[in-house]
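Working notes, structure below.
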Amino acid sequence: MLKKTLLAGLAIGVAMVTTAYAADPIKIVYIGKNTGNPYFDSITGGFEDACKSLGCEFEFVAPATAEATSQIPFIEAQIQRGVNVIAIAPNSPDALNQVLDTAKEKGILVLTVNGDLVGNEGHRDATILPVDFTKTGPNQVELMGSMIGYKGDIAILSATTEAPDQNTWIAAMNDTLKNDPKYKDMHLVATVYGDDQPEKSTTEMEALLSNYPNLVGVIAPTTVGIAAAAQVVQSRGIAATVHVTGLGLPSEMRDFVKDGTVSAFQLWSPYNEGWLAAHFAVGVIGGTIKNEVGGTFDVPNLGTITIADKNAMNTQAELTTFDAKNIDDFDF
Amino acid sequence: MSAIQTPAARELPPARPRWQVIVIRPETMTLVLLILALFGASLLSPYFLDVGYILRSFTLSAEFAIVALVLTMVIIAGEIDLSPAANMALSACLFAFAQQAGVPMPLAIAIGLFAGLVMGAINGFMVIRLQIPSIIVTIGTLTLYRGLAQVIAGDKSIRVPDWFIGINTVLIAGIPLTVLIFIVMSVILGVVLSMTIFGRQIYQIGTNEVAARHAGIRSQRIKMSLFLLMGLVSAVAGLMTASRLGSVRYDLGLGGELQMVLMAMLGGTYIFGGRGTILGTFLAAWLLVIVSTGMTVANVLPAVQLVVLGVLLIVSIIATNFIYSRTQR
Amino acid sequence: MSALRNILLRREAGIAVMIVLFCLAVGTQKPQFLTLDSLRIILLLTPLILIGAMGQMLVVVARHVDLSIGSMLGFSAMVTGMMFKFHPEIWWPIGFLVSIGTGALLGLINGLLVTLFRLPAIIVTLGTLNLYRGLTYIVSNAKQIDRQYVPSALKAMSQTSPIFGIPWIIFISFGVALLTYIFVMHTRVGRQIFALGSNPVAAPLRGVAVTRVTLLVFSISGALSGLAGILYASRWGFVNPSNTGSGFEFQVIAAVVIGGVSINGGVGTVLGTILGVLLLGCVAAALPLLGIPGTTQSAIYGAVILIALLIDRTVRQQGIKSLTRARA
C-alpha cells in the first residue's frame, strides 16, 4: 500500500518534469563564491535588473563556504535543472574543470564573472571582468603615490599567497615601481598576506608597522585587507603618517573615508559585471552576439564592448576612485 | 498507574515478537527516512528523480562515505577519529607534491598511502599507548595534518596527470566506479564486522573494554589495527578525491569529518560504542546524499541545508538512544 | 590534596615558562617583540578567545564539551547587529543584553538536549554548530551587517581606553576571568561543577543537582559566546553571517587544553586557561613579525595542542605516581 502511494508520488514528480520544459525563457544562474559575501549582492543586482529588461530568468546560488570544491554540487545541480547559462565566480582555477566541461558538453553557456580560470580558460566560454586587470597595478601605484608625495617606504597587504588576481596586480605594481621614473623614490619594502581574514590581516598589518617604522603607505588590493589595515591605522591614530589605500567596497569603507583614515581607494562597479554578463549571455544564445575574439556589441549604459583575447570582456576602462566627495553616490 | 504495572511487568519477561526485533532497529529508521527523503526530494524539485544524476551526485560524497564505513567500526570499538578528512588532504598533497617533483606515479601513490598509514599510526599511538582520549587527540591531529598539508602545498593547487583524472566518470554497468567501490567495501566490511571473530570482538571492546580484555581479547591490538585501517582508507579516499578533482589543494575534503560522523550517527551507530552496523552507515550515506542533492537541485538556500543537517544529527541520535534504551531492557 | 595542588601549580608554572621562553626566543630575532606595544597587540588578539575559554573551561570541567560556541557567537552577534541596523533608535548598550541573552538561550538549548535526552555533548553541539550557523544565515538573509551600522561608541570600546592606554575590551575580558575565578572558587555551585566533573556518579549522592548544574554551565558558555559576539562587532566593526565566529571553537578548545584543563573533567583553573590563551596570542602575534607565512599557523597550532596533551599526560602520570607513593 505504502509502496503504491510512493510510486504515485514519484509519478507526479516525473510528470512535473515534462510540463516544466514547455516554452521556457532563457535561464541564467550565477554561482557566487560563498553566501553572505556583500560583494555579490551588487553583481546579483546587475543580473536581476538586466533580466527584468531582457525577459530572462535569473537565480543566484552559492555554497556556504568558499572552499575549492564547494561549488561542484551546485554546478551539477544547475546542469540537472537544465539552465541555459551558468555564470560563476570560481573558487578554484582548476578544481572545477571536469564539471564545467560536462556543462559545456550539455550545451550550457559557461561564463566566469568577476574572476577567471587562470591557465584553464578552455573550460569556460567567456569571462567578464570589471576592468582590464593590467590597469589595476599602475592605477593603484599612482593613487598611493599621489597620497604620499611619491616618496617613502610602502608595503602591500594582499589576500592569500596564491590569489591569482592579486598576484597579477602585485606583479604589475612591482613592475611600475621599478620602471617608471616617476615612482623612483617609492620603495616597496614588503608584501604580506592576510588570507582575506580580518584577524590575520590585522596581525600582518600590525607586524608591518612594527617591522618597518618608516612606513608611509600600505596598498591592500583586497576588500578584507583594506578594511583591516584602515582599522589598525584608525585605532592607532596614525592616519597622518601611514596612508592606506587599495581596493575596497564603498559600504565597508564609508566610515574610514568620512573620518579621514583613508583619503581615497579604488574599485569598479560589480553591478555592471552582472549587467554585462546577462546581456552577453542573452545575446549569444539569441544569436545576436558572436562569441569570437575581436567581436563587438553594444550594451545599454556601457557602450560598445569588445571581446578581447581569451574571450575576455571588461565593463570599464579604468578603476573608479572613491573619496570623501563621491562616496555617498555609491550604495554597494 | 505505575504501581499496578510494575508487578505485572515483572511476572512477564518481555517475549519480544520477532517482527519487533527486526523492525525496531535504528537501521529501519534510516531506511524510512531514506524513503521519505526520496519522496520529499522528488516533490521539491522535478529535476531530482534521475538515477544517473543521483549516482553522479553520490560520487561527490563517495570518498567520505567509504571512510565513514571504517569510522563506524572505530566508533563501535568505543573510539572516534575526527582527523580522516585532514588525513585525506595531507596524503593527497604528499602524493601530488611527489609526482610533481618527478617521482614516478606508482611510487608517488605509495607515498600517499604510506603517509595515510603513518597518520593512522600516530593517532593510534596517542590514543592506545598514551591513553589520551581519542576525541581530543584527533581534534589535535586534525589541525596538525591539515596544517602540514598547507605547509606543503601552500594554497596552490597541484595538477595531477591527465590519465589519473576521472575515477568518478568510469562507469561499470552504468554505475560510477567510486560508487561501486563504496558498495563493495560495504559488503566486505559488513561481513567482517558481523560474521567474523574479529568483528564480534570489536563489539565486545566497545561494549565493555575491561571485560573484553579479561575475556582474552587483545583490545589494544584490535584498536590499533582499526586506526591503521582508518589511516589507509583515508589516504585511498584522498587519492580518489584527487582523481575526481584533477588537482589537489590543502583544503581538499575540508569539513568532511562532520559528514562522516553524520553518516555513522544517522545509520544508528551508538556514539558510546558497542552498537551499530555497516548497513546503517550504508543507508545513511545515501540518505545524506539524497537530502543534500534534493535541496541543492531545488535551489534551497545552503543555510536551510545546514539547519536540516543539524536537526537530522540531533534527531537521529535521540532516536538511536531511545531505541537502544528500549531494546536493552 | 597538597600533592594535587603542587601538580596544578607546576602545570601553570610550566605554561608560564613556555610563554617566557617563547617570547625571549622571538625577542632575540625581533627585539620589538619585547615592547609594550607588542603586548598591546597580543592582548588585543585575545579578548574574545579569553571570554570563550572561560565558558568552555566550565563545560570541560563538568566533563562535557561545547563545539557550538563559534556559531552561538555568530548568531548572537548577528541578532545584535540587526538590532543596530533596523532599530538604531534603541540605546546601543542594550545590545549587550540582547547578545548575552541570545547566547544564553542557545546555550540553554544545548544543555536541555544534553540533559533531557542524555545525549553526548560533543554530538549535540556538533549538530547545533550547524543548526545555529544555518539560522544565522536565515535571520540575516545572508547579508552582512556593515561597519556603518555598528555604533561608533561600541567600536570605540576596542580602541579607547579608560587607563594606561589599554582598551575597554581587554578590561572586560579580564573582568570575566576574575568573575569566573570568584564563581568557581568561592561559590557552592562553582565547586559543584568540579564535583560533577570529577565523579558524575558520586556527585548526585553528595547533593549536586546534576541537571541544574549542567544546564548552568551550558548557559554560561552560551552567554559568554554572546558577549564575545557583541565584542566581535566592536573589535572588527562588522558582522558577517559566515565568517563571524567560524573556527572560534578550535582556538578556544586549543587554549583550554593548553591551559591544563583536563578533558577527563574535574580539573582546570582560571589562571591556567588565561595562560593558555596568552600563549596562543603570543604565537599568533609572533608569526607575522618573524615573517613566517600564515600557511604554517594551523600546523603550529596543531603541534602546540598535541604537545600540551603530551605534557598533560606526563603530569597526570607523575601525579598518579606521587599519589600512590604518598599512600604507600
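The values are calculated or read from the model by the stated rules, or taken from the named source; none is laboratory data. On a predicted model such as this, the values are computed, not experimentally measured, just so you know. Cβ coordinates were reconstructed from backbone atoms using ideal geometry, including for glycine residues, and neighbour counts include every protein chain displayed. Just the protein is used for accessible areas: all its heavy atoms, side chains included, with ligands, DNA and RNA removed. Shrake-Rupley method; radii C 1.70, N 1.55, O 1.52, S 1.80 Å.
Just by accessible area at a 1.4 angstrom probe, what is the order of B:F114, C:F218, C:F194 from largest to smallest?
On the way: B:F114 130, C:F218 0, C:F194 25 Å².
Largest to smallest exposure gives the sequence B:F114, C:F194, C:F218.
What is the mean number of Cβ atoms from other protein chains located within 10 Å of the Cβ atom of each residue in peptide B:35-45, rounded to a whole number?
3
Starting with the highest mean, order B:272-281, B:209-218 by the number of other Cβ atoms within 10 Å, averaged over the residues of each peptide.
Details: B:272-281: 22.3, B:209-218: 13.4.
Highest mean packing first, the order is B:272-281, B:209-218.
Once you place label points 7 Å from the Cα toward the Cβ at A:S53 and B:V191, how far apart are they in nm?
6.7
I'd like the distance between the alpha-carbon centres of region A:206-272 and region B:295-322, rounded to an integer number of Å.
Cα centres, region A:206-272 to region B:295-322: 41 Å.
Debye calculation, C-alpha points only, no solvent: report log10 I(q)/I(0) for chain A at q = 0.06, 0.09, 0.13 Å⁻¹, in the same order as the q values.
Each listed q maps to, in turn, -0.25, -0.52, -0.98.
How many percent of all Cα-Cα pairs in the protein assembly as shown sit more than 38 Å apart?
Values: 235323 of 488566 pairs.
Tail of the P(r) past 38 Å holds 48 percent of the pairs.
State the antiparallel share, in %, of DSSP beta bridges confined to chain A, rounding to the nearest 5. Don't skip to the end; give the middle numbers.
Numbers: 9 of 45 bridges.
Antiparallel: roughly 20 percent of the beta bridges in chain A.
What is the calculated FRET efficiency for A:D298 to C:K30, with r their C-beta to C-beta distance and R₀ = 60 Å, to the nearest 0.05?
Numbers: r = 58 Å, r/R0 = 0.96.
Taking R0 as 60 Å, the efficiency between A:D298 and C:K30 is 0.55.
So what's region A:133-267 giving for Cα Rg divided by 2.2 N^0.38 Å, two decimals? If you can, show how the numbers build up before the last one.
Numbers: Rg = 13.1 Å, N = 135, 2.2 N^0.38 = 14.2 Å.
Here the answer is 0.93, to two decimals.
Grab the other residues whose beta carbon is less than 11 angstrom from that of B:T277, score K and R as +1, D and E as -1, and report the net. Before the final figure, lay out each step's value.
Numbers: positive: B:R25, B:R275; negative: B:E27.
Summing Lys and Arg as +1 and Asp and Glu as -1 gives +1.
Separation between the A:K258 and C:I311 pseudo-spin-labels, each 7 Å from Cα along Cα→Cβ, expressed in nm?
4.7
Keeping all protein chains in the complex and leaving out DNA, RNA and ligands, what accessible area do you get for A:R236 with a 1.4 Å probe, in Å² to the nearest 10?
70
Arranged from highest to lowest average of other beta-carbon atoms within 10 Å per residue, in what order do the peptides C:75-84, B:132-141 appear? Present the calculation step by step, with values, prior to reporting the outcome.
Numbers: C:75-84: 27.1, B:132-141: 24.1.
The packing order, highest mean first, is C:75-84, B:132-141.
Within the set of other residues whose C-beta is less than 13 Å from the C-beta of A:P221, count the net charge using Lys and Arg as +1 and Asp and Glu as -1.
Working: positive: A:K135; negative: A:D165, A:D196.
Value of the local net charge: -1.
Can you put B:S194, B:S157, C:S158 in order of accessible area, largest first, using a 1.4 Å probe? Mind showing how you got there, number by number?
Working: B:S194 60, B:S157 30, C:S158 5 Å².
Sorted by accessible area, descending: B:S194, B:S157, C:S158.
Grab the Cα-Cα distance for A:E105 and A:I285, subtract it from 0.36 nm times how many residues apart they are, and report the gain in nm with one decimal. Let's see the in-between values first.
Numbers: separation 180, 0.36 × 180 = 64.80 nm, distance 1.53 nm.
Length difference between fully extended and current span is 63.3 nm.
Could you work out the helix-only [θ] at 222 nm for chain A, with each DSSP H run of four or more residues adding -39,500 (n - 2.57) and the total divided by the number of residues, to the nearest 500 deg cm²/dmol?
Details: 10 runs with 141 residues, N = 332.
Per the formula, -13500 deg cm²/dmol.
Under the rule of -39500 (n - 2.57) per DSSP H run of 4 or more residues, summed and divided by the residues of chain C, what mean residue ellipticity at 222 nm is obtained, to the nearest 500 deg cm²/dmol? Mind showing how you got there, number by number?
Details: 13 runs with 238 residues, N = 328.
After summing the helix terms and dividing by residue count, I get -24500 deg cm²/dmol.
For peptide B:246-259, compute the average count of partner chain beta-carbon atoms within 10 Å of each residue's beta-carbon.
Details: counts 6, 10, 3, 8, 3, 9, 4, 2, 5, 5, 0, 1, 5, 0.
Across the residues of B:246-259, the mean count of other-chain Cβ atoms within 10 Å is 4.
If one puts a single equal scatterer on every Cα of chain C and applies the Debye formula without solvent, what log₁₀ I(q)/I(0) results at q = 0.12 Å⁻¹?
Listed by q, the Debye log ratios stand at -0.85.
Quick one: check the C-alpha center-to-center distance for region C:128-151 versus region A:165-198, whole angstrom.
Each part reduced to its Cα centre gives a spacing of 35 Å.
Just from its helices, what would the mean residue ellipticity at 222 nm be for chain B, if runs of 4 or more DSSP H residues each count -39500 (n - 2.57) and the sum is divided by every residue, rounded to the nearest 500 deg cm²/dmol? The partial results should precede the final answer.
Details: 14 runs with 239 residues, N = 329.
Computed mean residue ellipticity for chain B: -24500 deg cm²/dmol.
Going 7 Å from the Cα of B:A211 in the Cα-to-Cβ direction, what parts of region B:68-102 have a backbone nitrogen less than 20 Å from that spot?
The answer is B:74-79, whose backbone nitrogens lie closer than 20 Å to the label point.
Quote the FRET efficiency, to the nearest 0.05, computed for C:L21 versus A:A240 with a Förster distance R0 of 30 Å and r equal to the Cβ-Cβ distance.
Result of the calculation: an efficiency of 0.20.
Could you sort A:D298, A:D328, B:D81 by accessible area so the largest value comes first, with the probe set to 1.4 Å? Display every interim value, and only then the final one.
Values: A:D298 115, A:D328 95, B:D81 5 Å².
So, going from the largest accessible area down, we get A:D298, A:D328, B:D81.
In peptide A:227-234, how many Cβ atoms from other protein chains are near each Cβ within 10 Å, on average? List each step's numbers first, then the result.
Details: counts 4, 2, 0, 2, 8, 2, 0, 3.
Other-chain Cβ atoms within 10 Å of each residue's Cβ, averaged: 3.
Rounded to the nearest 10 Å², what accessible area does B:K156 have for a 1.4 Å probe in the complete protein model?
Result for B:K156: roughly 100 Å² accessible.
Run through the DSSP bridge list for the protein assembly as shown and note the antiparallel percent, rounded to the nearest 5. Don't skip to the end; give the middle numbers.
Numbers: 15 of 51 bridges.
Percent antiparallel among DSSP bridges in the protein assembly as shown is about 30.
Can you tell me the alpha carbon radius of gyration of region B:63-279 divided by the globular rule-of-thumb value 2.2 N^0.38 Å? List each step's numbers first, then the result.
Working: Rg = 17.2 Å, N = 217, 2.2 N^0.38 = 17.0 Å.
Ratio of Rg to 2.2 N^0.38 Å for region B:63-279: 1.01.
Once every Cα of region B:20-98 carries one equal point scatterer and solvent is ignored, give the base-10 log of I(q)/I(0) from the Debye formula at q = 0.16 Å⁻¹, two decimals.
Once normalised to I(0) and log-transformed, intensities are -0.91.
What figure, in Å² to the nearest 10, do you get for the accessible area of C:C23 with a 1.4 Å probe and non-protein molecules left out?
30
So, R0 is 60 Å and r is the distance between the beta-carbons of B:L36 and C:L179; what FRET efficiency does that work out to, to 0.05?
Values: r = 48 Å, r/R0 = 0.80.
The computed FRET efficiency comes out at 0.80.
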